[in-house]
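Participant: Below is the structure I would like to discuss, written out as C-alpha coordinates.
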Amino acid sequence: MPEVGGGSSAEPMIELRDVVKHYRTRGRGVVHAIDGVSLTVGHGEILGLVGESGCGKSTTARLLTALEQPTSGRITVAGRDVAGARGSGLRELRRTVQMVFQDPYASLDPRQRIGDAIGEVLRVHGLAGGKEDVRREVTRLLELVGLLPGIADRFPHQLSGGQRQRVGIARALAVRPQVLVLDEPVSALDVSVRAEIINLLARLRDELTLTYVFISHDLAMVRHLADRVAVMYLGQVVEEGPWEAVSDSATHPYTEALQAAVPVADPELERSRRTGSVRGEVPDAARPPAGCRFNPRCPLAEDVCREVAPELLPLGAAHRYACHVRQRERAGAPSGRGVS
Ligand SMILES: Nc1ncnc2c1ncn2[C@@H]1O[C@H](COP(=O)(O)OP(=O)(O)OP(=O)(O)O)[C@@H](O)[C@H]1O
Ligand code: SF4
Ligand SMILES: [Mg+2]
(Lines give C-alpha, C1' and ligand atoms only; values in the text may rest on other atoms or scores of the structure.)
(Ligands and ions follow the chains in the order given, each with its own letter.)
Protein backbone atom coordinates (compact mmCIF):
# COMPACT_ATOMS: atom_id res chain seq x y z
CA MET A 1 0.00 0.00 0.00
CA PRO A 2 1.32 3.47 -0.77
CA GLU A 3 2.15 5.84 2.05
CA VAL A 4 -0.92 8.02 2.08
CA GLY A 5 -3.26 9.78 4.47
CA GLY A 6 -3.07 9.12 8.18
CA GLY A 7 -2.99 12.82 8.76
CA SER A 8 0.16 13.35 6.69
CA SER A 9 -1.51 15.82 4.31
CA ALA A 10 -2.46 19.26 5.59
CA GLU A 11 -6.17 18.51 5.88
CA PRO A 12 -7.83 15.10 6.08
CA MET A 13 -10.41 14.18 3.43
CA ILE A 14 -12.84 13.04 6.12
CA GLU A 15 -13.03 14.15 9.73
CA LEU A 16 -15.49 13.11 12.43
CA ARG A 17 -15.26 14.89 15.81
CA ASP A 18 -17.22 13.56 18.80
CA VAL A 19 -20.06 12.45 16.57
CA VAL A 20 -23.23 11.24 18.28
CA LYS A 21 -26.31 9.80 16.60
CA HIS A 22 -29.24 8.86 18.80
CA TYR A 23 -32.58 7.62 17.49
CA ARG A 24 -35.69 8.26 19.55
CA THR A 25 -37.93 5.25 19.02
CA ARG A 26 -41.33 4.34 20.43
CA GLY A 27 -40.69 0.79 21.54
CA ARG A 28 -36.95 0.73 22.24
CA GLY A 29 -36.44 4.19 23.75
CA VAL A 30 -33.31 6.13 22.78
CA VAL A 31 -31.01 4.04 20.58
CA HIS A 32 -27.34 5.00 20.97
CA ALA A 33 -26.33 4.15 17.39
CA ILE A 34 -23.15 6.30 17.51
CA ASP A 35 -21.72 7.63 20.75
CA GLY A 36 -18.73 9.96 20.51
CA VAL A 37 -16.89 8.78 17.41
CA SER A 38 -13.81 10.72 16.25
CA LEU A 39 -11.99 9.56 13.12
CA THR A 40 -9.93 11.00 10.30
CA VAL A 41 -9.30 9.61 6.82
CA GLY A 42 -6.52 11.08 4.67
CA HIS A 43 -6.67 11.89 0.95
CA GLY A 44 -6.45 8.67 -1.06
CA GLU A 45 -6.58 6.54 2.06
CA ILE A 46 -8.77 3.47 2.65
CA LEU A 47 -10.25 3.18 6.12
CA GLY A 48 -11.79 -0.19 6.97
CA LEU A 49 -14.70 0.16 9.41
CA VAL A 50 -15.30 -3.15 11.15
CA GLY A 51 -17.63 -4.58 13.77
CA GLU A 52 -20.52 -6.92 14.44
CA SER A 53 -24.09 -6.28 13.38
CA GLY A 54 -25.68 -3.25 15.06
CA CYS A 55 -22.43 -1.53 16.09
CA GLY A 56 -23.21 1.58 14.03
CA LYS A 57 -21.37 1.05 10.72
CA SER A 58 -24.27 1.89 8.41
CA THR A 59 -25.29 4.82 10.62
CA THR A 60 -21.76 6.21 10.18
CA ALA A 61 -22.13 5.69 6.41
CA ARG A 62 -25.44 7.58 6.32
CA LEU A 63 -23.94 10.46 8.29
CA LEU A 64 -20.89 10.66 6.01
CA THR A 65 -23.08 10.81 2.91
CA ALA A 66 -25.41 13.42 4.47
CA LEU A 67 -28.39 11.08 4.24
CA GLU A 68 -28.86 11.76 7.96
CA GLN A 69 -27.73 14.47 10.36
CA PRO A 70 -25.79 13.77 13.57
CA THR A 71 -27.42 14.45 16.95
CA SER A 72 -24.21 16.30 17.86
CA GLY A 73 -20.59 16.52 16.79
CA ARG A 74 -18.88 17.70 13.64
CA ILE A 75 -18.37 15.98 10.28
CA THR A 76 -16.32 17.45 7.44
CA VAL A 77 -15.70 15.89 4.04
CA ALA A 78 -13.30 17.53 1.57
CA GLY A 79 -13.30 20.60 3.81
CA ARG A 80 -17.10 20.91 3.77
CA ASP A 81 -19.24 20.88 6.88
CA VAL A 82 -21.61 17.95 6.26
CA ALA A 83 -24.08 18.82 9.01
CA GLY A 84 -24.44 22.40 7.81
CA ALA A 85 -24.78 21.60 4.09
CA ARG A 86 -27.93 22.92 2.41
CA GLY A 87 -29.07 23.60 -1.15
CA SER A 88 -26.23 23.78 -3.67
CA GLY A 89 -23.67 22.97 -0.97
CA LEU A 90 -25.50 19.74 -0.20
CA ARG A 91 -25.74 18.85 -3.90
CA GLU A 92 -22.01 19.48 -4.29
CA LEU A 93 -21.31 17.33 -1.24
CA ARG A 94 -23.43 14.48 -2.59
CA ARG A 95 -21.31 14.53 -5.72
CA THR A 96 -18.13 14.49 -3.68
CA VAL A 97 -19.22 11.52 -1.56
CA GLN A 98 -20.98 8.52 -3.07
CA MET A 99 -22.31 5.40 -1.40
CA VAL A 100 -22.00 1.84 -2.69
CA PHE A 101 -24.47 -0.56 -1.10
CA GLN A 102 -24.33 -4.25 -0.26
CA ASP A 103 -27.18 -5.06 -2.62
CA PRO A 104 -27.02 -3.06 -5.86
CA TYR A 105 -30.12 -4.96 -7.05
CA ALA A 106 -32.22 -3.04 -4.52
CA SER A 107 -31.16 0.32 -5.94
CA LEU A 108 -31.65 -0.66 -9.60
CA ASP A 109 -35.07 -0.44 -11.28
CA PRO A 110 -35.74 -3.98 -12.63
CA ARG A 111 -37.43 -2.51 -15.75
CA GLN A 112 -34.64 -0.11 -16.58
CA ARG A 113 -31.71 -1.10 -18.81
CA ILE A 114 -28.28 -0.67 -17.22
CA GLY A 115 -27.30 2.03 -19.72
CA ASP A 116 -30.40 4.04 -18.82
CA ALA A 117 -29.78 3.58 -15.08
CA ILE A 118 -26.28 5.04 -15.40
CA GLY A 119 -27.39 7.61 -17.98
CA GLU A 120 -30.05 8.87 -15.57
CA VAL A 121 -27.38 9.76 -13.00
CA LEU A 122 -25.39 11.63 -15.67
CA ARG A 123 -28.44 13.59 -16.80
CA VAL A 124 -29.65 14.45 -13.28
CA HIS A 125 -26.23 15.91 -12.46
CA GLY A 126 -25.90 17.61 -15.86
CA LEU A 127 -22.75 15.65 -16.68
CA ALA A 128 -23.70 14.58 -20.19
CA GLY A 129 -25.92 16.31 -22.74
CA GLY A 130 -27.11 14.54 -25.89
CA LYS A 131 -27.84 10.85 -26.40
CA GLU A 132 -24.43 10.19 -27.95
CA ASP A 133 -22.70 11.98 -25.10
CA VAL A 134 -24.49 9.83 -22.54
CA ARG A 135 -23.80 6.63 -24.52
CA ARG A 136 -20.07 7.43 -24.72
CA GLU A 137 -19.83 8.22 -21.01
CA VAL A 138 -21.78 5.07 -20.06
CA THR A 139 -19.36 2.99 -22.15
CA ARG A 140 -16.39 4.67 -20.46
CA LEU A 141 -17.81 3.97 -17.01
CA LEU A 142 -18.62 0.33 -17.82
CA GLU A 143 -15.09 -0.21 -19.14
CA LEU A 144 -13.67 1.49 -16.05
CA VAL A 145 -15.29 -1.18 -13.86
CA GLY A 146 -14.30 -4.05 -16.18
CA LEU A 147 -17.61 -4.55 -18.03
CA LEU A 148 -18.21 -4.78 -21.78
CA PRO A 149 -20.24 -1.94 -23.39
CA GLY A 150 -22.97 -4.46 -24.34
CA ILE A 151 -23.98 -4.65 -20.66
CA ALA A 152 -25.69 -1.27 -21.18
CA ASP A 153 -28.54 -3.00 -23.08
CA ARG A 154 -29.19 -5.59 -20.39
CA PHE A 155 -31.66 -5.54 -17.50
CA PRO A 156 -30.47 -6.02 -13.88
CA HIS A 157 -31.82 -9.60 -13.63
CA GLN A 158 -29.69 -10.60 -16.62
CA LEU A 159 -26.48 -9.86 -14.71
CA SER A 160 -24.55 -11.90 -12.14
CA GLY A 161 -24.12 -10.60 -8.59
CA GLY A 162 -20.57 -9.50 -9.36
CA GLN A 163 -21.62 -7.70 -12.55
CA ARG A 164 -24.41 -5.92 -10.67
CA GLN A 165 -21.96 -4.72 -8.03
CA ARG A 166 -19.67 -3.45 -10.81
CA VAL A 167 -22.68 -1.52 -12.15
CA GLY A 168 -23.31 -0.16 -8.64
CA ILE A 169 -19.71 1.08 -8.54
CA ALA A 170 -19.99 2.56 -12.08
CA ARG A 171 -23.11 4.47 -11.04
CA ALA A 172 -21.32 5.83 -7.98
CA LEU A 173 -18.35 6.88 -10.15
CA ALA A 174 -20.59 8.58 -12.73
CA VAL A 175 -20.56 11.85 -10.76
CA ARG A 176 -16.74 11.74 -10.45
CA PRO A 177 -16.68 11.63 -6.64
CA GLN A 178 -13.63 11.96 -4.41
CA VAL A 179 -14.91 9.63 -1.69
CA LEU A 180 -16.72 6.29 -1.81
CA VAL A 181 -18.46 4.98 1.29
CA LEU A 182 -18.83 1.25 0.65
CA ASP A 183 -21.30 -0.44 3.01
CA GLU A 184 -20.52 -4.18 2.95
CA PRO A 185 -20.04 -4.10 -0.84
CA VAL A 186 -18.90 -7.71 -1.15
CA SER A 187 -20.71 -9.40 1.75
CA ALA A 188 -23.54 -10.74 -0.43
CA LEU A 189 -21.21 -12.08 -3.14
CA ASP A 190 -19.69 -15.52 -3.65
CA VAL A 191 -16.23 -15.86 -2.14
CA SER A 192 -14.58 -16.12 -5.59
CA VAL A 193 -16.28 -12.94 -6.82
CA ARG A 194 -15.37 -11.00 -3.65
CA ALA A 195 -11.68 -11.04 -4.54
CA GLU A 196 -12.43 -9.69 -8.04
CA ILE A 197 -14.41 -6.75 -6.64
CA ILE A 198 -11.76 -6.05 -3.98
CA ASN A 199 -9.10 -6.00 -6.72
CA LEU A 200 -11.26 -3.69 -8.83
CA LEU A 201 -11.70 -1.30 -5.88
CA ALA A 202 -7.95 -1.29 -5.23
CA ARG A 203 -7.24 -0.47 -8.90
CA LEU A 204 -9.87 2.30 -8.98
CA ARG A 205 -8.50 3.88 -5.82
CA ASP A 206 -5.05 4.09 -7.42
CA GLU A 207 -6.24 5.19 -10.88
CA LEU A 208 -8.71 7.82 -9.67
CA THR A 209 -7.03 8.74 -6.34
CA LEU A 210 -10.21 7.98 -4.43
CA THR A 211 -10.68 7.89 -0.67
CA TYR A 212 -12.71 4.96 0.71
CA VAL A 213 -14.53 4.11 3.88
CA PHE A 214 -14.91 0.37 3.44
CA ILE A 215 -17.41 -1.19 5.83
CA SER A 216 -17.37 -4.88 6.74
CA HIS A 217 -18.29 -7.12 9.66
CA ASP A 218 -15.27 -9.20 8.71
CA LEU A 219 -11.79 -8.07 9.73
CA ALA A 220 -10.13 -10.50 7.29
CA MET A 221 -12.00 -8.95 4.35
CA VAL A 222 -10.71 -5.49 5.18
CA ARG A 223 -7.14 -6.75 5.32
CA HIS A 224 -6.84 -6.94 1.52
CA LEU A 225 -7.79 -3.35 0.94
CA ALA A 226 -7.54 -1.06 3.95
CA ASP A 227 -4.59 1.11 4.91
CA ARG A 228 -6.10 1.68 8.34
CA VAL A 229 -8.79 -0.06 10.36
CA ALA A 230 -11.28 1.27 12.91
CA VAL A 231 -12.99 -1.37 15.03
CA MET A 232 -16.44 -0.36 16.32
CA TYR A 233 -18.40 -1.85 19.18
CA LEU A 234 -21.87 -0.63 20.22
CA GLY A 235 -21.55 2.81 18.66
CA GLN A 236 -17.96 3.50 19.69
CA VAL A 237 -14.50 3.05 18.21
CA VAL A 238 -12.58 0.66 20.48
CA GLU A 239 -9.39 0.41 18.42
CA GLU A 240 -8.01 2.23 15.42
CA GLY A 241 -4.74 2.27 13.55
CA PRO A 242 -2.71 1.15 10.54
CA TRP A 243 -3.78 -2.30 9.42
CA GLU A 244 -0.48 -3.97 10.40
CA ALA A 245 -0.49 -2.40 13.87
CA VAL A 246 -4.06 -3.49 14.62
CA SER A 247 -3.49 -6.95 13.20
CA ASP A 248 -0.04 -7.66 14.66
CA SER A 249 -0.34 -6.32 18.16
CA ALA A 250 -4.02 -7.30 18.65
CA THR A 251 -4.47 -4.85 21.48
CA HIS A 252 -8.18 -4.73 22.23
CA PRO A 253 -9.90 -7.95 23.41
CA TYR A 254 -12.76 -7.30 20.96
CA THR A 255 -10.36 -6.96 18.01
CA GLU A 256 -8.73 -10.21 19.14
CA ALA A 257 -12.13 -11.87 19.13
CA LEU A 258 -12.83 -10.63 15.59
CA GLN A 259 -9.44 -11.90 14.48
CA ALA A 260 -10.12 -15.32 15.94
CA ALA A 261 -13.24 -15.51 13.80
CA VAL A 262 -11.45 -16.33 10.55
CA PRO A 263 -14.04 -16.55 7.81
CA VAL A 264 -14.79 -19.97 6.36
CA ALA A 265 -16.63 -20.97 3.18
CA ASP A 266 -19.84 -22.19 4.88
CA PRO A 267 -21.93 -19.09 5.73
CA GLU A 268 -23.77 -20.84 8.58
CA LEU A 269 -20.51 -21.92 10.15
CA GLU A 270 -19.08 -18.48 9.50
CA ARG A 271 -21.96 -16.87 11.38
CA SER A 272 -21.54 -19.15 14.37
CA ARG A 273 -17.77 -18.69 14.44
CA ARG A 274 -17.81 -14.95 13.98
CA THR A 275 -18.73 -14.42 17.59
CA GLY A 276 -17.33 -17.77 18.71
CA SER A 277 -14.57 -16.47 20.91
CA VAL A 278 -16.66 -13.89 22.75
CA ARG A 279 -19.61 -14.77 24.94
CA GLY A 280 -23.18 -13.95 24.04
CA GLU A 281 -24.76 -11.40 21.75
CA VAL A 282 -24.17 -7.68 21.24
CA PRO A 283 -26.37 -5.89 23.85
CA ASP A 284 -29.22 -3.60 22.70
CA ALA A 285 -27.87 -0.19 21.68
CA ALA A 286 -30.83 1.35 23.53
CA ARG A 287 -29.39 0.02 26.79
CA PRO A 288 -25.59 0.06 26.44
CA PRO A 289 -23.76 -1.42 29.47
CA ALA A 290 -22.15 1.00 31.94
CA GLY A 291 -18.36 1.35 31.96
CA CYS A 292 -16.72 -0.43 29.05
CA ARG A 293 -19.55 -1.45 26.71
CA PHE A 294 -17.77 -4.71 25.93
CA ASN A 295 -17.57 -5.77 29.62
CA PRO A 296 -20.47 -8.31 29.71
CA ARG A 297 -18.73 -10.31 26.97
CA CYS A 298 -15.08 -9.66 27.72
CA PRO A 299 -12.97 -12.53 29.09
CA LEU A 300 -10.63 -10.01 30.76
CA ALA A 301 -13.29 -7.83 32.43
CA GLU A 302 -12.56 -6.55 35.94
CA ASP A 303 -14.59 -4.42 38.37
CA VAL A 304 -13.22 -1.19 36.92
CA CYS A 305 -14.54 -2.19 33.50
CA ARG A 306 -18.11 -2.27 34.80
CA GLU A 307 -17.85 1.24 36.24
CA VAL A 308 -15.51 3.40 34.19
CA ALA A 309 -15.57 3.81 30.40
CA PRO A 310 -12.01 3.37 29.06
CA GLU A 311 -10.60 6.22 27.00
CA LEU A 312 -9.24 5.80 23.49
CA LEU A 313 -5.53 6.37 24.19
CA PRO A 314 -2.63 6.41 21.74
CA LEU A 315 -0.21 3.54 21.37
CA GLY A 316 2.55 4.93 19.18
CA ALA A 317 1.92 7.61 16.59
CA ALA A 318 -1.18 6.41 14.77
CA HIS A 319 -2.63 3.53 16.82
CA ARG A 320 -5.30 4.04 19.53
CA TYR A 321 -7.30 1.65 21.68
CA ALA A 322 -9.69 1.79 24.65
CA CYS A 323 -9.12 -0.93 27.25
CA HIS A 324 -8.29 -0.57 30.96
CA VAL A 325 -6.51 -3.89 31.29
CA ARG A 326 -4.40 -3.66 28.16
CA GLN A 327 -3.49 -0.03 28.83
CA ARG A 328 -2.35 -1.00 32.33
CA GLU A 329 -0.35 -3.94 30.99
CA ARG A 330 1.36 -1.68 28.44
CA ALA A 331 2.14 0.86 31.13
CA GLY A 332 3.79 -1.96 33.11
CA ALA A 333 1.71 -1.29 36.21
CA PRO A 334 1.29 -4.19 38.66
CA SER A 335 -1.93 -6.07 37.96
CA GLY A 336 -4.69 -5.94 40.52
CA ARG A 337 -8.39 -6.50 40.37
CA GLY A 338 -11.08 -3.96 41.08
CA VAL A 339 -11.20 -0.23 41.59
CA SER A 340 -9.43 1.19 44.57
N1 LIG B 1 -33.57 4.67 11.81
C2 LIG B 1 -33.30 4.04 12.94
N3 LIG B 1 -34.14 4.12 14.00
C4 LIG B 1 -33.85 3.49 15.17
N5 LIG B 1 -32.76 2.76 15.38
C6 LIG B 1 -31.90 2.63 14.36
C7 LIG B 1 -32.12 3.26 13.10
N8 LIG B 1 -31.07 2.95 12.28
C9 LIG B 1 -30.25 2.17 13.00
N10 LIG B 1 -30.74 1.97 14.25
C11 LIG B 1 -30.10 1.22 15.34
O12 LIG B 1 -28.81 1.75 15.50
C13 LIG B 1 -27.87 0.72 15.80
C14 LIG B 1 -26.78 0.73 14.77
O15 LIG B 1 -27.33 0.31 13.52
P16 LIG B 1 -26.49 0.21 12.18
O17 LIG B 1 -27.41 -0.14 11.10
O18 LIG B 1 -25.68 1.45 12.03
O19 LIG B 1 -25.50 -1.00 12.49
P20 LIG B 1 -24.53 -1.81 11.52
O21 LIG B 1 -23.21 -1.84 12.21
O22 LIG B 1 -24.58 -1.24 10.16
O23 LIG B 1 -25.16 -3.28 11.54
P24 LIG B 1 -25.23 -4.40 10.37
O25 LIG B 1 -23.88 -5.07 10.38
O26 LIG B 1 -26.32 -5.30 10.83
O27 LIG B 1 -25.53 -3.71 9.08
C28 LIG B 1 -28.67 -0.57 15.85
O29 LIG B 1 -29.02 -0.83 17.19
C30 LIG B 1 -29.90 -0.25 15.01
O31 LIG B 1 -30.99 -1.03 15.42
S1 SF4 C 1 -11.86 -2.31 29.39
FE2 SF4 C 1 -12.23 -4.22 30.48
S3 SF4 C 1 -14.11 -5.06 29.65
FE4 SF4 C 1 -13.37 -3.47 28.23
S5 SF4 C 1 -12.19 -4.59 26.75
FE6 SF4 C 1 -10.76 -3.93 28.31
S7 SF4 C 1 -10.66 -5.62 29.77
FE8 SF4 C 1 -12.44 -5.96 28.49
MG1 LIG D 1 -25.10 -2.05 8.29
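The values are calculated or read from the model by the stated rules, or taken from the named source; none is laboratory data. All values derive from a computational prediction rather than experimental measurement. We place every Cβ from the backbone using ideal geometry, glycine too, and count neighbours over all the protein chains shown. Accessible surface areas use protein heavy atoms only, side chains included; no ligands, DNA or RNA. Shrake-Rupley method; radii C 1.70, N 1.55, O 1.52, S 1.80 Å.
Participant: Considering only the range 144-160, how many residues are in a helix (DSSP H, G or I), of a type outside the set (A, V, I, L, M), touching a residue at least 12 places away in the same chain (Cβ under 8 Å) and over 25 Å from Arg94 (Cβ atoms)? Reasoning before the result, please.
Facilitator: If we filter the range 144-160 for residues that are in a helix (DSSP H, G or I), which is where we start, we get 144, 149-153, 156-158.
Cutting the leftovers down to of a type outside the set (A, V, I, L, M) gives us 149-150, 153, 156-158.
Add one more test, that the residue is touching a residue at least 12 places away in the same chain (Cβ under 8 Å), and what stays is 153, 156-157.
If we keep only those that are over 25 Å from Arg94 (Cβ atoms) too, we end up with 153, 157.
The total comes to 2.
Participant: Would you tally the residues in the range 219-234 being open to solvent by less than 10 Å² (accessible area, probe 1.4 Å), in a loop (DSSP other than H, G, I, E, B) and either aromatic (Phe, Trp, Tyr) or out of contact with any strand residue (DSSP E or B) (no Cβ under 6 Å at 6 or more places or on another chain) (or both)? Walk me through it before giving the result.
Facilitator: Let us first name the residues in the range 219-234 that are open to solvent by less than 10 Å² (accessible area, probe 1.4 Å), namely 219, 222, 225-226, 229-234.
From what's left, in a loop (DSSP other than H, G, I, E, B): 225-226, 234.
Right, trim to either aromatic (Phe, Trp, Tyr) or out of contact with any strand residue (DSSP E or B) (no Cβ under 6 Å at 6 or more places or on another chain) (or both) and you get 234.
Of the residues in that region, 1 qualify.
Participant: For the range 30-67, enumerate the residues that are more than 8 Å from ligand 1 (Cβ to nearest atom) and either in a helix (DSSP H, G or I) or aromatic (Phe, Trp, Tyr) (or both).
Facilitator: Passing the criteria: Leu63, Leu64.
Participant: Another question, then. Of the residues Gly119, Gly56, which single one is within 20 Å of Val222 (Cβ to Cβ) and either open to solvent by less than 40 Å² (accessible area, probe 1.4 Å) or within 16 Å of ligand 2 (Cβ to nearest atom) (or both)?
Facilitator: Values: Gly119 fails: within 20 Å of Val222 (Cβ to Cβ).
Result: Gly56 is the single residue among Gly119, Gly56 that is within 20 Å of Val222 (Cβ to Cβ) and either open to solvent by less than 40 Å² (accessible area, probe 1.4 Å) or within 16 Å of ligand 2 (Cβ to nearest atom) (or both).
Participant: While we're on this one: Arg28 passes all but one of (1) surrounded by fewer than 18 Cβ atoms within 10 Å (Cβ to Cβ); (2) modelled with pLDDT of 95 or more; (3) farther than 27 Å from Gln165 by Cα; (4) charged (D, E, K, R); which number fails?
Facilitator: Result: Arg28 fails condition (2) only.
Participant: Just to verify a result, which residue in the range 310-333, among those that are under 24 Å from Ser58 (Cα atoms) and more than 8 Å from ligand 2 (Cβ to nearest atom), is surrounded by the most Cβ atoms within 10 Å (Cβ to Cβ)?
Facilitator: Here the answer is Tyr321.
Participant: Checking Leu93 against (1) within 16 Å of ligand 1 (Cβ to nearest atom); (2) at pLDDT below 95: exactly one of these is not met. Which one?
Facilitator: Among (1) within 16 Å of ligand 1 (Cβ to nearest atom); (2) at pLDDT below 95, the lone unmet condition for Leu93 is (1).
Participant: What are the pairs with Cβ atoms under 8 angstrom where one residue, in the range 288-311, is within 16 Å of ligand 1 (Cβ to nearest atom) and the other, located anywhere, is among the aromatic types (Phe, Trp, Tyr)? Sequence gap at least six, or different chains.
Facilitator: Final answer for the pair search is Arg293/Tyr233; Phe294/Tyr233; Phe294/Tyr254.
Participant: Starting from residues that are free of Cβ contacts under 8 Å to residues at least 24 places away in the same chain and not hydrophobic (A, V, I, L, M, F, W, C), keep the ones in the range 161-205 and report whichever is nearest to Leu148 (Cα to Cα). If you could, list the steps in order and put the result at the bottom.
Facilitator: Filtering the range 161-205 for residues free of Cβ contacts under 8 Å to residues at least 24 places away in the same chain gives 163, 192, 199, 202-203.
In the following step, the residues that additionally are not hydrophobic (A, V, I, L, M, F, W, C) were identified as 163, 192, 199, 203.
Values: Gln163: 10, Ser192: 20, Asn199: 18, Arg203: 17 Å.
Applying the filter and picking the extreme gives Gln163.
Participant: Would you check if Leu141 is touching a residue at least 12 places away in the same chain (Cβ under 8 Å) and away from ligand 3 (no atom under 16 Å from the Cβ)? Quick ask: steps written out before the conclusion?
Facilitator: Values: touching a residue at least 12 places away in the same chain (Cβ under 8 Å): yes; away from ligand 3 (no atom under 16 Å from the Cβ): yes.
Yes; evaluated as a whole, the condition is true for this residue.
Participant: Right, here's the next one. Please enumerate the residues belonging to the range 178-192 that are open to solvent by 10 Å² or more (accessible area, probe 1.4 Å), more than 16 Å from ligand 1 (Cβ to nearest atom) and either modelled with pLDDT of 95 or more or touching a Cys at 6+ places or on another chain (Cβ under 6 Å) (or both).
Facilitator: The answer is Gln178, and nothing else.
Per-residue answers, yes or no, for (1) in contact with a Gly (Cβ under 9 Å, 6 or more places away or on another chain); (2) modelled with pLDDT under 90; (3) within 16 Å of ligand 3 (Cβ to nearest atom):
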{"site": "Ile215", "(1), (2), (3)": "yes, no, yes"}
{"site": "Arg223", "(1), (2), (3)": "yes, yes, no"}
{"site": "Arg228", "(1), (2), (3)": "yes, no, no"}
{"site": "Val238", "(1), (2), (3)": "yes, no, no"}
{"site": "Glu244", "(1), (2), (3)": "no, yes, no"}
{"site": "Pro253", "(1), (2), (3)": "no, no, no"}
{"site": "Ala261", "(1), (2), (3)": "yes, yes, no"}
{"site": "Arg279", "(1), (2), (3)": "no, yes, no"}
